[in-house]
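Contents: one structure, followed by commentary.
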Amino acid sequence: MVEQDTIKLLRECDAGIRMGVSSIEDVMGAVKSHNLKNLLSDCRAQHDKLDGELQSLLGKYGDEGKAPNPIAKGMSKMKTGMKLGLEESDATVADLITDGCNMGVKSLNRYLNQYKAADEVSKDLAKRLINLEEKLAVDIRSYL
């Protein structure tokens, strides 16, 4: 049970990291503020660092991970395109990213609760990803 829960939690973290990176990439072209661009770039780099650790753990279990749900990813791209099409501003970017962070935090906490038997290393990685998302949402509040 420990190994199955561990793999399932790692897969959800993989999907979450991929979705977060994709969301940041989707809005970067619309960012006006140098500071906001730096916050997003730094967060992207931290996602990449966590992804390296995650891929190593997945490799240990012989698992290839999990891509984000294609419907969720498509809906996110569509929402981003529509909102930025109406108003391309740092406030719109901050709003979109905050919504994404909140959804990620909610989902990852649900998976932490669901996969209680996962090993502590995987739980720690999930918690660090949650903290990263929470911190970004707080850091960009001044742009809302």
Next on the checklist: Checking the structure you have, find out if any residue of the range 36-53 is outside any helix (DSSP H, G or I), open to solvent by less than 20 Å² (accessible area, probe 1.4 Å) and not β-branched (Val, Ile, Thr).
Outcome noted: no
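Quick grid of which residues meet (1) of a type outside the set (D, E, K, R); (2) within 22 Å of Arg44 (Cα to Cα); (3) at pLDDT below 95; (4) within 14 Å of the chain's Cα centre (by Cα):
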position: Glu64; (1), (2), (3), (4): no, yes, yes, no
position: Pro68; (1), (2), (3), (4): yes, yes, yes, yes
position: Thr98; (1), (2), (3), (4): yes, yes, no, yes
position: Tyr115; (1), (2), (3), (4): yes, no, no, no
Checklist outcome for this item: Within the range 76-96, of all residues that are of a type in the set (Gly, Ala, Ser) and modelled with pLDDT under 95, the one surrounded by the most Cβ atoms within 10 Å (Cβ to Cβ) is Ser76
Item to check | Selected residue (criterion: surrounded by the fewest Cβ atoms within 10 Å (Cβ to Cβ)) from residues of the range 116-144 that are farther than 20 Å from Arg18 by Cα and hydroxyl-bearing (Ser, Thr, Tyr) | outcome: Ser142
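Suppose the filter is among the charged types (D, E, K, R), closer than 15 Å to Gly100 by Cα and either surrounded by fewer than 16 Cβ atoms within 10 Å (Cβ to Cβ) or modelled with pLDDT of 95 or more (or both); does Glu25 pass it? Working first, answer last.
Values: among the charged types (D, E, K, R): yes; closer than 15 Å to Gly100 by Cα: yes; either surrounded by fewer than 16 Cβ atoms within 10 Å (Cβ to Cβ) or modelled with pLDDT of 95 or more (or both): yes.
Answer is yes for this residue.
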Next on the checklist: Pairs needed: first member in the range 34-53, touching a residue at least 40 places away in the same chain (Cβ under 8 Å) and of a type in the set (Gly, Ala, Ser); second member anywhere, open to solvent by less than 40 Å² (accessible area, probe 1.4 Å) and part of a helix (DSSP H, G or I); C-beta distance under 8 Å; at least 6 residues apart or different chains.
Outcome noted: none
Next on the checklist: I need a count of the residues in the range 16-33 that are part of a helix (DSSP H, G or I) and free of Cβ contacts under 8 Å to residues at least 40 places away in the same chain.
Outcome noted: 3
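The values are calculated or read from the model by the stated rules, or taken from the named source; none is laboratory data. Owing to the predicted nature of the structure, the values given are computational and were not obtained by experimental measurement. As a convention, Cβ positions derive from the backbone with ideal geometry for all residues, glycine included, and neighbour counts pool all protein chains shown. The protein model used for the area step is the full one, side chains on, heavy atoms only, and it has no ligands, DNA or RNA in it. Shrake-Rupley method; radii C 1.70, N 1.55, O 1.52, S 1.80 Å.
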